[in-house]
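Report on the structure given below.
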Amino acid sequence: MKYASRMMRGKNIWLVPLLLALLVASVGWWADRQLHQTINRELRADLSATLDANVTALEIWMTNQKRIAAALADEPRLKAVALKLLDQPTEGFTNRAALNELSRELITGERLQERVRALGYGMVHLVNTNLTVISDAGRRRSRQGNKVPEELQPKYTELFTSGEAIIITPFKLKPPQIPQRGSNRPNRTNNDAQPPREIFGPRPGFGTNNPAPSFDGPPPNEPPPARDLTVMQVAAPIKNSTGETRGALALIINPDAEFTRIIGVARSGDSGETFAFDAAGTLISESRFDDELKRVGLLADETNAVSALTLSLRDPGGDLTQGFIANTNTTQPLILMV
């Protein structure tokens, strides 16, 4: 009996340290879990605060853009000339002499081109309710007759219906076609745009008073732009004395100068990023990681390739940084946040 009793006491000696070890491990696991939860909460709060700050800054900026456009469109003298232009028939453009004369009065007489550049815009269009550009300022000559790009027409229809200013998020304009040998002018389509330096002026010229050069094709020894031009627009209605919307004044914005810069002002750490995307999941602001996106194959490995309006925010199905190659033959699902 004494022997058995000593054996029981020996077992109890080992049980106490084991229970203590289990208790310490449990406390350690609980503390580690609480630490991770605290870090996750702080990170979530930090990212949410950064996002909220960027969204607020962007909303303030967009509101100011609408106010500027609306104020410019409502100036009495400018509006009077614009309404004369908008009242001109545009079917067939048989009255080009009158249109050109009124355009010159709008651009030079009202110093419209100089004023919009001083305000930081690259160009200004006057658009009628038939979605036709009847005047543009930003070049020495005005060219009438281009239709509003098809993808933008719903926004202009919204403007004409509501009578309120609108913001058009970044979109790509195609550069003009290179003229064929022996031809005097490029074969432009309705949606063709001028090269970047003509819309936004000579560099550094966006938002300055520097005049933009006239351009009717690529100058000698200068290659055409390597990539499509990305622009934004803010447009405000032009109304007559009875309050009827007769057209729109559209200001062309360089998104890299303000839109993308506002989003990128507040960044969290070395890898935090705020980015904007459209309803289809396409990135509309430029990423800070374009070089990395090229290395993993999400962007074309070209000098001028950019993520904005190129990258679709879809799940590749694996870790591209570890050598995974996405299947490009199938449509991948959008990432969770999109």
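The values are calculated or read from the model by the stated rules, or taken from the named source; none is laboratory data. Small disclaimer: the values here were computed from a predicted structure and weren't measured. Please note: Cβ atoms are built from the backbone with ideal geometry, for glycine as well, and neighbour counts cover all protein chains shown.
Answer yes or no: is there a residue in region 68-77 that is assigned to a helix (DSSP H, G or I), free of Cβ contacts under 8 Å to residues at least 40 places away in the same chain, in the same structural domain as Thr242 (by TED's automatic domain parsing) and touching an Asp or Glu at 6+ places or on another chain (Cβ under 9 Å).
Looking through region 68-77, at least one residue is assigned to a helix (DSSP H, G or I), free of Cβ contacts under 8 Å to residues at least 40 places away in the same chain, in the same structural domain as Thr242 (by TED's automatic domain parsing) and touching an Asp or Glu at 6+ places or on another chain (Cβ under 9 Å).
Would region 304-322 turn up any residue that is in a strand (DSSP E or B), over 30 Å from Met123 (Cα atoms) and modelled with pLDDT of 85 or more? Don't jump to the end; show me each part of the working.
First, pick out the residues of region 304-322 that are in a strand (DSSP E or B): 312, 314.
Cutting the leftovers down to over 30 Å from Met123 (Cα atoms) gives us 314.
Now drop any that are not modelled with pLDDT of 85 or more, which leaves 314.
Yes, there is a match, as at least one residue in region 304-322 is in a strand (DSSP E or B), over 30 Å from Met123 (Cα atoms) and modelled with pLDDT of 85 or more.
Please enumerate the residues belonging to region 290-316 that are free of Cβ contacts under 8 Å to residues at least 60 places away in the same chain and in contact with an Asp or Glu (Cβ under 7 Å, 6 or more places away or on another chain).
Matches in region 290-316: Lys294, Leu299, Ser307.
All but one of (1) modelled with pLDDT under 50; (2) assigned by TED's automatic domain parsing to the domain that holds Thr90 hold for Arg181; state the number of the condition that does not hold.
For Arg181, the failing item is (2).
For residues in region 323-332 being surrounded by 10 or more Cβ atoms within 10 Å (Cβ to Cβ) and at pLDDT below 80, which is nearest to Arg288 (Cα to Cα)? Steps first, please.
From region 323-332, those surrounded by 10 or more Cβ atoms within 10 Å (Cβ to Cβ) are 324-327, 332; that's our starting set.
Then drop every residue that is not at pLDDT below 80, which leaves 326-327.
Values: Ala326: 22, Asn327: 25 Å.
Checked region 323-332; the qualifying residue nearest to Arg288 (Cα to Cα) is Ala326.
Only residues that are in a loop (DSSP other than H, G, I, E, B) and within 23 Å of Phe259 (Cα to Cα): list them for region 278-297, please.
Our first condition is that a residue be in a loop (DSSP other than H, G, I, E, B); within region 278-297, this holds for 278-281, 284-289, 296-297.
Residues satisfying the conditions are Asp278, Ala279, Ala280, Gly281, Ile284, Ser285, Glu286, Ser287, Arg288, Phe289.
Looking at Ala266 and the list (1) modelled with pLDDT of 85 or more; (2) not assigned by TED's automatic domain parsing to the domain that holds Gln332, which single condition is not satisfied?
(1)
Report yes if some residue within region 276-288 is over 18 Å from Leu173 (Cβ atoms), among the polar types (S, T, N, Q) and out of contact with any Asp or Glu (no Cβ under 9 Å at 6 or more places or on another chain); otherwise report no.
no
As an exercise: evaluate Thr56 against (1) surrounded by 13 or more Cβ atoms within 10 Å (Cβ to Cβ); (2) among the hydroxyl-bearing types (Ser, Thr, Tyr); (3) out of contact with any Ser or Thr (no Cβ under 7 Å at 6 or more places or on another chain) and give the number of the one condition it does not meet.
Condition (1) is where Thr56 drops out.
Can you tell me which of Gly264, Gly269, Gly247 is assigned to a strand (DSSP E or B) and among the small types (Gly, Ala, Ser)? Show your work before the answer.
Values: Gly264 fails: assigned to a strand (DSSP E or B); Gly269 fails: assigned to a strand (DSSP E or B).
After ruling out the rest, the residue left standing is Gly247.
Taking the stated definitions as given, is Leu85 at pLDDT below 85 and in the same structural domain as Pro237 (by TED's automatic domain parsing)? Can you show your working first?
Details: at pLDDT below 85: no; in the same structural domain as Pro237 (by TED's automatic domain parsing): yes.
Answer is no for this residue.
Among the residues of region 302-312, is any at positive phi and assigned by TED's automatic domain parsing to the domain that holds Thr282?
There is at least one residue in region 302-312 that is at positive phi and assigned by TED's automatic domain parsing to the domain that holds Thr282.
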